[in-house]
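Asker: My structure is below; once you've seen it, I'll send some questions.
Each reported figure results from applying straightforward, stated rules to the coordinates on display, with no laboratory input. Everything quoted here is computed from the prediction, not taken from an experiment. No Cβ is skipped: glycine too gets one built from the backbone with ideal geometry, and neighbour counts run over all protein chains shown.
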Amino acid sequence: MPKEIRDKAQFEKMLESASEVRVSRKGDNAKLKVRSRGALYTFKTSGDEADAIIKGTKVTVVEF
């Protein structure tokens, strides 16, 4: 079962240990899904903020 993270700083920390990031967009909103070794974490945000978060990452990004 995925775990939702509501804090941006905590999500960015999880992003460092991720193997993949999936981005699901619907209108102006986006959901980022981070696959790590132990679990799947999700983070809901605006589309612009999602772009800013994944722009600086070195993890594989998959858009849906």
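Asker: Residue by residue through region 55-64, what is 3J(HN,Hα) from phi via Karplus (6.51 cos²θ - 1.76 cosθ + 1.60, θ = phi - 60°)? Round to whole Hz and write x for glycine and proline.
Answerer: Listing the rounded values in order: 5, x, 8, 9, 7, 4, 10, 10, 9, 10 Hz.
Asker: Ok, one more. Under 8 Å for C-alpha pairs, at least 6 residues apart: give me the relative contact order for region 3-63, rounded to a whole percent.
Answerer: Over region 3-63, the number comes to 37 percent.
Asker: What's the local net charge at Ile5, with K and R +1, D and E -1, over the other residues with C-beta under 15 Å away?
Answerer: Details: positive: Lys3, Arg6, Lys8, Lys13, Arg22, Lys31, Lys33, Arg35, Lys44; negative: Glu4, Asp7, Glu12, Glu16, Glu49.
Result for the local shell: +4.
Asker: Can I ask one more? Could you work out the mean projected area of the convex hull around the alpha carbons of the chain, in square nanometres to one decimal? Please list the in-between numbers first.
Answerer: Numbers: hull surface 15.8 nm².
The orientation-averaged projected area of the Cα hull of the chain comes to 3.9 nm².
Asker: Please identify, among Ala18, Ala39, Ala30, the residue showing maximal mean-square fluctuation in a Gaussian network model of the chain using a 10 angstrom Cα cutoff.
Answerer: Of Ala18, Ala39, Ala30, the most mobile in the Gaussian network model is Ala39.
Asker: Specify the residue with the greatest mean-square fluctuation among Lys13, Lys31, Lys44, computed from a Gaussian network of the chain linking alpha-carbon atoms under 10 Å apart.
Answerer: Judging by the Gaussian network model, the answer is Lys13.
Asker: Can I ask one more? When DSSP assigns beta bridges and you keep just the ones with both residues in region 3-63, what percent turn out antiparallel, to the nearest 5?
Answerer: 70 percent
Asker: Within a Cβ distance under 15 Å of Thr60, other residues only, what is the Lys/Arg minus Asp/Glu net charge? Before the final figure, lay out each step's value.
Answerer: Details: positive: Arg22, Lys33, Arg35, Arg37, Lys55, Lys58; negative: Glu16, Glu20, Glu63.
Around Thr60, the surrounding residues sum to +3.
Asker: Within the chain, how many lysine pairs that are 8 or more places apart, or on different chains, have C-alpha atoms less than 21 Å apart?
Answerer: 26
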